[in-house]
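Every read-out reported here was derived from the displayed coordinates using simple, explicitly stated rules and does not represent laboratory data. None of these values were measured; they are calculated from a predicted model. In this analysis, Cβ positions are derived from the backbone assuming ideal geometry, glycine residues included, and neighbour counts consider all displayed protein chains.
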Amino acid sequence: MNKLEELFVKFNKNISLTDSYKKKIRTGRDSVRTKINNHFEKEVGIVPVHYTQGSYAMHTAIMPLANEDFDLDNGVYLQGYDKNRDDWPNSSKVHQLVIEAVEGHTKETVDKETCVRVVYQDNYHLDLPIYIIGEDDEGEEAAYLAHKQDGWVISDPKAFRNWFNEATKQVPSGSLRRSVKYLKQWAHQNEIDIPGMAISILVSENFSDEKEDALTLLKIVTDIHDKLVDDYSCYKPVRPTTEDLFSKHSYNDQLTNLNQLKTLKDRLAFAIYDSENQYEASLILKEIFGDGRFPIGSKEILNNKFLKTSEPEKVGKKNRHYA
């Protein structure tokens with residue numbers, strides 16, 4: 001088996017947001033928050049509360065390349081409304097209030113169905129989804145998103161972040177978060193149609209810490225592939241729990257994604273077990289994760305455990321050969 005842990009440590013560093021980049025996007029975020037607060041205080045007399053959401057808040061964000069755009073989610077939670085939805089403002093109206101607050105601040109403002117997007121010149125943008133905390137039909141507290149077409153719909157990214165953070169607390173080594181980042185980089189590099197939230201869910205639900213990142217990732221990918229072969233779905237673990245993140249995938253999309261996962265599993269297995277040294281393993285992993293992202297290994301660090309048995313290697317929930 002090849003010794004790859006030091007390469008995965010460097011890989012994780014290569015795909016993580018740098019401190020300077022995080023400072024830059026936080027500065028833009030804070031400036032927009034101030035503009036929104038000032039405008040709402042003037043127009044409605046009550047200042048919103050803001051929460052950073054998505055991959056940045058969950059520490060699974062991937063550092064964009066120089067020609068790519070980074071997406072930072074900032075939830076705008078409106079205050080001062082009771083839990084009776086009949087008294088809430090029109091969802092399009094609150095979109096307009098946010099647009100008025102930020103328009104002209106950067107090169108472009110886009111009013112999308114689920115958020116207002118503030119586009120910066122410096123290759124990043126802020127998405128500003130707008131929420132009110134109310135009650136669902138059973139009288140339980142719920143966050144409602146201002147959807148331009150559908151009105152106020154249940155959507156709770158804070159609950160999802162809390163769910164994911166609870167999962168990571170069970171893994172002090174941090175390998176669950178790193179595994180999410182590795183798979184997000186693979187999906188991005190190979191243009192795989194699996195959203196980041198689905199990757200976070202599937203990794204969390206199929207996680208097993210094998211003490212080395214390469215082995216952990218291989219087992220996760222194997223189990224995700226097995227799960228999706230049996231049941232091609234990915235339901236949100238928080239409300240609305242009936243939402244399948246793969247519901248819009250066609251049959252061809254399913255076949256493509258399953259084939260891509262099998263290829264990833266097979267290539268990982270070959271790099272770990274069957275390539276002759278760390279250098280050859282790293283060439284395979286660079287193809288998987290991106291030439292500029294995965295580091296090059298040493299030809300002098302040899303594979304000291306060639307897997308040559310008549311029995312299939314057991315990885316995940318089933319015995320299998322890597323064919």
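Note down the net charge around Val49, summing +1 for each Lys or Arg and -1 for each Asp or Glu among other residues with Cβ under 12 Å from its Cβ.
Around Val49, the surrounding residues sum to +2.
What aspartates and glutamates sit close enough to Lys10 to cross-link, taking a C-alpha to C-alpha distance under 12 Å and skipping anything fewer than 8 places away on the same chain?
Within the straight-line cut-off, Lys10 pairs with Asp213.
Nearest 10 degrees is fine. How inclined is helix 91-102 to the longest principal axis of the chain, computing both from alpha carbons?
Roughly 90 degrees, rounded to the nearest 10.
Hand me the trypsin sites (Lys or Arg not before Pro) from the stretch 241-301 located in a DSSP loop with no more than 15 other Cβ atoms within 10 Å, in residue order please.
On the way: sites: Lys248, Lys262, Lys265, Arg267, Lys286, Arg293, Lys299; in loops: Lys248, Arg293, Lys299.
Qualifying residues, ordered by number: Lys248, Lys299.
Quick check on my link table: of Lys23/Lys148; Lys24/Lys181; Lys22/Lys83; Lys24/Lys211; Lys24/Lys248; Lys22/Lys286, which ones sit more than 28 Å apart, alpha carbon to alpha carbon?
Lys23/Lys148; Lys22/Lys83; Lys24/Lys211; Lys24/Lys248
Helix 175-189 sits at what angle to the longest principal axis of the chain, using alpha carbons and giving 0 to 90 degrees rounded to 10?
So the helix axis and the longest Cα principal axis differ by about 90 degrees.
Compute the length gained on full extension between Val153 and His105: take 0.36 nm times their separation in residues and subtract their Cα-Cα distance, giving the result in nm to one decimal.
That pair, Val153 and His105, stretches by 14.4 nm at full extension.
Can you give me the long-range amide H partners of Tyr124? Hydrogens built in the peptide plane at 1.01 Å from N, cutoff under 5 Å, separation of 5 or more residues or another chain.
Long-range HN contacts for Tyr124: Phe70.
Compute the signed sum of charges (Lys and Arg +1, Asp and Glu -1) over the other residues within less than 13 Å, Cβ to Cβ, of Trp88.
That works out to -1.
Within the stretch 3-17, list the residues whose amide N lies under 20 Å from a label point set 7 Å along Cα→Cβ of Ile296.
3-15, by backbone N distance to the label point.
Run through the stretch 134-230 and list the GluC sites (Glu not before Pro) located in a DSSP loop whose Cβ has at most 13 other Cβ atoms within 10 Å. Each step should come with its number before you reach the end.
Values: sites: Glu135, Glu138, Glu140, Glu141, Glu166, Glu191, Glu205, Glu210, Glu212; in loops: Glu138, Glu140, Glu191, Glu210, Glu212.
Sparse-neighbourhood loop GluC sites (Glu not before Pro): Glu138, Glu140, Glu191.
Normalised by the number of residues in the stretch 19-155, what is the relative contact order in percent for Cα pairs under 8 Å and 6+ residues apart? Intermediate results must be reported in sequence, preceding the final value.
Details: 226 pairs, mean separation 30.1, N = 137.
Answer for the stretch 19-155 is 22 percent.
Give me the number: length gained by fully extending Glu276 to Ile46, i.e. 0.36 nm times residue separation minus the C-alpha to C-alpha distance, one decimal in nm.
Working it through step by step, the gained length comes to 76.3 nm.
Hey, how many Å between the Cα centroid of the stretch 140-164 and the Cα centroid of the stretch 36-114?
13
Assuming 0.36 nm per residue, please report the length gained on full extension of the stretch Thr263 to Thr18 beyond their Cα-Cα distance.
Here the segment from Thr263 to Thr18 would lengthen by 85.1 nm.
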